[in-house]
Amino acid sequence: MAETFARYDTRGYRTVDVAEGYAAWAPFYDATMDDRLDLPLLSSLSSMDWSAKAAAVDLGCGTGRVGAWLKARSVACVDGVDSSPAMLERASAKGIYRNVVCADVIATGLAAGGYGLAISSFVVCHVSDLAGFYAEAARLIRSSGRIVLVDYHPFMLLKGVPTHFNGPTGEPIAIANVIHLLSDHVEAGRRAGLSLLELRERLVDAEWVRQNPRMASHAGQPISFAMVWARE
Ligand SMILES: C[S@@+](CC[C@H](N)C(=O)[O-])C[C@H]1O[C@@H](n2cnc3c(N)ncnc32)[C@H](O)[C@@H]1O
C-alpha cells in the first residue's frame, strides 16, 4: 500500500517532515512518549530469548528508550542508528549504546551479519521504502538472528490519527506518516528472505483508559503491533 497519510487525516494538525519533527520533539520526547505503546508488546513476545542476544542494532533508536529496555534484559551490546542528530544526541548521553550512527535505516552502512538482533520500534510508520527496510534489517543479522519490528498500528493511521506531539506552545504537530498494512509487512519480509515467527497486536485496554482517560475514544482498538522475523 505505502499510502501517504494525508487522505485519511481526521485531525488536521500541521504536519512536518521526520527531520523537523524529531528535532523539535527531542527535548521532551522521553517525557511524552508512552511506554505502553511498545514495552508490554516486547515483553509479551514468546519467541524471543533476549538475554541470548549478544549484539543488537536498534534501527531508529531515537533517544534510546528501547536500547535501555534491551540492556535491562541483559543484551550485552547495542548499537543505535537514527537519522535525527537531536534524538541521537540524547541516546548518546545515556551511555547505553556501544556506537550510535547517524544514518537512514534503509542504508545504515553497518557491516553485514554483525548482529543477533535487529530491533525497530515506531519508526517504519515514517519510512516509505518498506522493502528497503526489511532488506537492510535482514542484511544486518547473522543467519540465526532475529528481527523484532514494533510499529504504530495501520488501523490508527487509517482512522486518521497521525504520529503527533504537542509543541512548546501546546500546538499539536504531526510528523509525516506512511501507511503500511500488515500484509505489506508480510510481503516485504518474505521478499527479504525472512519467515514470520510471531505477530502480536496491542489494543487500548480498560486499564490504559483508566490511567489516561483521553484514550477513551480508542478503547478496544489496535494501536500497535510487534513482529518477530527469522532468516529462512
Ligand atoms: C517515534 S521515534 C522512535 C524512537 C525509538 N525507537 C523509541 O521507540 O523511542 C521515531 C524515530 O525514528 C527515526 N527515523 C524515522 N525515519 C527514519 C529513517 N528513515 N532512518 C533513520 N531514522 C529514522 C526518527 O528520527 C525518530 O528518532
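The values are calculated or read from the model by the stated rules, or taken from the named source; none is laboratory data. In this text the structure is predicted, and so the values were computed from the model without any measurement. Positions of Cβ are generated from backbone atoms using ideal geometry, with glycine treated the same way; all protein chains shown enter the neighbour counts.
Things worth noting here:
- The one condition in (1) within 13 Å of the ligand (Cβ to nearest atom); (2) surrounded by 15 or more Cβ atoms within 10 Å (Cβ to Cβ) that Asp35 fails to fulfil: (2)
- Top-ranked residue in the stretch 140-178 [being among the charged types (D, E, K, R) and surrounded by fewer than 21 Cβ atoms within 10 Å (Cβ to Cβ); ranked as farthest from Leu199 (Cα to Cα)]: Glu171
- Ala137 being within 13 Å of the ligand (Cβ to nearest atom), buried (at least 19 other Cβ atoms within 10 Å of the Cβ) and in a strand (DSSP E or B): no
- Out of Gly160, Gly64, sole residue that is modelled with pLDDT of 95 or more, over 16 Å from the mean Cα position of the chain (by Cα) and within 26 Å of Asn177 (Cβ to Cβ): Gly160
- Candidate set: the stretch 38-53, residues that are more than 12 Å from the ligand (Cβ to nearest atom) and not in a helix (DSSP H, G or I); chosen: the one surrounded by the most Cβ atoms within 10 Å (Cβ to Cβ): Lys53
- Residue satisfying all of: in the stretch 70-81; in contact with a helix residue (DSSP H, G or I) (Cβ under 8 Å, 6 or more places away or on another chain) and free of Cβ contacts under 8 Å to residues at least 40 places away in the same chain; nearest to the ligand (Cβ to nearest atom) among these: Gly80
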